[in-house]
Amino acid sequence: MLYNDFRPKQFKDVIGQGHITEIIKNQVAKHNISHAYIFSGTRGTGKTTTSKILAKAVNCLHPKDGEPCGKCEMCKKIEEGSCLDVIEMDAASKRKIDDMRNIISSLKYPTAEAKYRVIILDEVHMLTQEAVNAFLKTLEEPPKNTIFILATTDPQKLPATILSRCQRFNFRRVSLADTYKRLKYIAGKSSIKIDDKSLILIAKVSDGGMRDAVSILDQVKDLDNVSYKEVSELLGTSSNENMFILAKSLMSKDIFKALNLVNTLDNQGIDFNMFVGDFIRFLRNLLIAKVMGENAFNSISMTDEDIIKLTKINCNKDIVIKIIELFQSLSSRDRVSVELSIIKSLDIINLSITSKDEIAGIQSEPVKEKHTDVIASETQLINKGSVEKQISEDKKSSNIDNYKESNDNNYDTEKSKNAITDAKNTLINKLKQSSNYKNIGIALENADIYFQVRGNSMTVNICPAVNEENLIQKGFYWIKKGFNQFCSLDNLNICIIKTTGDSKNGK
């Protein structure tokens with residue numbers, strides 16, 4: 001495999017991390033080695049590779065200026081993974097306290113063949129709290145000639161007690177230029193016929209991960225003459241299609257298309273946690289494309305064709321930012337059903353997207369309703385929320401005092417009026433007590449409410465203030481549910497009346 005054949009063997013070969021390798025090389029040359037290191041950074045940036053080079057450098061029989069020779073017996077054994085004193089453990093799979101105790105117990109004995117015992121713990125942030133506690137004492141007072149190297153993609157999860165005991169080095173994403181140069185070098189050495197445009201595409205899609213870039217090149221090496229089209233098809237650029245569909249659905253407020261996509265993805269067994277993370281990155285690229293225009297081609301890890309498609313999406317930058325914030329909030333919560341949460345979030349985003357100022361004021365609470373409840377609330381809002389009715393100023397003396405009554409009225413009008421008033425007041429108080437729905441409660445309090453009696457059914461018409469119509473629409477599902485819960489009347493219907501410019505609250 002190309003990745004193994006061209007894996008860096010010395011510090012100078014590590015691409016894009018000179019700010020780290022130069023310091024460590026000098027430490028080795030001056031015999032000023034720390035007992036513990038933390039190597040953090042995204043995948044494929046050289047953390048484990050640098051760890052192994054450091055293990056070779058400190059144990060090399062013929063080092064030169066801090067670099068391992070790569071030819072002596074110790075360098076060869078460490079490279080092959082046969083050195084008993086260099087231990088590499090995947091903390092993602094061996095994360096329990098018993099696994100850590102096995103490592104600690106091995107430190108009681110002197111090294112078998114190397115000068116330094118090197119313990120490399122990959123994805124160390126995955127260790128359990130018990131394993132971390134067992135490791136702390138050893139990390140603070142390690143045995144002589146023992147070096148710990150902790151590699152992680154998520155250093156934020158490491159406790160401060162570990163961070164404070166280690167020298168920390170942050171591995172950067174490898175730049176597009178450095179990735180391209182390395183791929184060009186590997187292609188030349190391996191006699192791979194591939195054009196520069198294809199190499200640049202691979203470098204962009206790898207998103208700063210050299211390992212990913214070399215792995216992609218390894219996939220296309222057996223083609224006779226690698227073309228840009230073949231590389232594009234291999235990378236599955238069509239996999240972004242769902243992202244484009246969802247983004248366009250949100251921007252056009254097509255909630256049903258978005259819900260259908262979520263249902264399709266669910267049937268395909270998509271991991272929604274991963275999907276949300278990917279969609280956040282997609283929206284970030286959309287935002288960059290809108291802000292940078294033609295300059296975005298060097299900043300976005302997508303094909304040129306997809307970047308062009310991004311620039312053609314009709315959207316407002318402020319709205320994109322708000323949607324990113326909502327999805328970040330969604331991905332950070334612990335939920336029983338991610339799918340239901342996504343549906344409710346799409347619901348809120350769709351209702352909020354018409355007002356960038358108000359979108360930040362409404363957040364989704366954990367969803368406990370069934371799919372049908374959410375979709376029904378949308379249907380009711382679309383069917384009833386667009387009711388247009390002119391209400392003149394002289395007919396509005398108070399919120400509940402105005403009503404229309406048919407000749408076949410079977411209701412006690414006064415009793416109905418009191419029941420609706422009580423339900424409204426109770427609902428307003430409940431909404432205002434919630435930090436998430438306080439603004440909706442205030443908007444309902446400011447709204448005019450009318451009711452019509454037709455036979456044995458009652459319709460409550462809510463006429464919001466002009467500047468609060470969006471809030472009422474966003475909270476329609478909960479308003480409807482609240483009226484039905486707090487009002488004892490049968491056959492009760494709730495509608496939103498479209499606000500007209502001369503409404504008294506809309507001045």
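The values are calculated or read from the model by the stated rules, or taken from the named source; none is laboratory data. All of these numbers come straight from a predicted model, not from anything done at the bench. All Cβ positions, even for glycine, are placed from backbone atoms using ideal geometry, and neighbour counts span all protein chains on display.
Among the residues of the stretch 108-140, just one is in contact (Cβ under 8 Å) with a residue 60 or more places away in the chain and over 26 Å from THR42 (Cα atoms), namely TYR116. Among the residues of the stretch 172-181, at least one is part of a helix (DSSP H, G or I) and surrounded by 20 or more Cβ atoms within 10 Å (Cβ to Cβ). Of everything in the stretch 137-169 that is within 25 Å of the chain's Cα centre (by Cα) and among the hydroxyl-bearing types (Ser, Thr, Tyr), the residue that is surrounded by the most Cβ atoms within 10 Å (Cβ to Cβ) is THR152.
Looking only at the stretch 182-198, count every residue that is touching a strand residue (DSSP E or B) at 6+ places or on another chain (Cβ under 8 Å) and either under 15 Å from ILE300 (Cα atoms) or in a helix (DSSP H, G or I) (or both) and tell me the total.
Total satisfying the criteria: 2.
Restricted to the stretch 289-300, and to residues that are without any contact (Cβ under 8 Å) to a residue 40 or more places away in the chain and surrounded by 18 or more Cβ atoms within 10 Å (Cβ to Cβ), which residue is nearest to the chain's Cα centre (by Cα)? Here the residue is ALA289. Scanning the stretch 159-189 for residues that are of a type in the set (A, V, I, L, M) and closer than 18 Å to ILE20 by Cβ gives LEU163, VAL174. Selection of the stretch 448-479 for residues being closer than 23 Å to LYS415 by Cβ, part of a helix (DSSP H, G or I) and modelled with pLDDT under 80 yields an empty set. Given the criteria touching a strand residue (DSSP E or B) at 6+ places or on another chain (Cβ under 9 Å) and in a loop (DSSP other than H, G, I, E, B), does CYS83 qualify? So CYS83 passes the test. Those helices (runs of 4 or more DSSP H) of the stretch 207-314 in which at least 3 residues are at pLDDT below 80, considering only elements entirely within it, cover 228-234, 255-267, 272-292.
Can LEU199 be described as without any contact (Cβ under 8 Å) to a residue 24 or more places away in the chain, surrounded by 22 or more Cβ atoms within 10 Å (Cβ to Cβ) and of a type in the set (A, V, I, L, M, F, W, C)? Yes; evaluated as a whole, the condition is true for this residue. Taking the listed residues SER106, SER82, SER34, the one that is polar (S, T, N, Q), assigned by TED's automatic domain parsing to the domain that holds THR146, at pLDDT below 90 and out of contact with any helix residue (DSSP H, G or I) (no Cβ under 6 Å at 6 or more places or on another chain) is SER106, with no other qualifying.
One residue alone among ARG95, ARG101 is assigned to a loop (DSSP other than H, G, I, E, B), touching a residue at least 12 places away in the same chain (Cβ under 8 Å) and assigned by TED's automatic domain parsing to the domain that holds THR50, and that residue is ARG95. Check the stretch 253-260 and report whether any residue there is under 23 Å from PHE297 (Cα atoms) and not small (Gly, Ala, Ser). There is no residue in the stretch 253-260 that is under 23 Å from PHE297 (Cα atoms) and not small (Gly, Ala, Ser).
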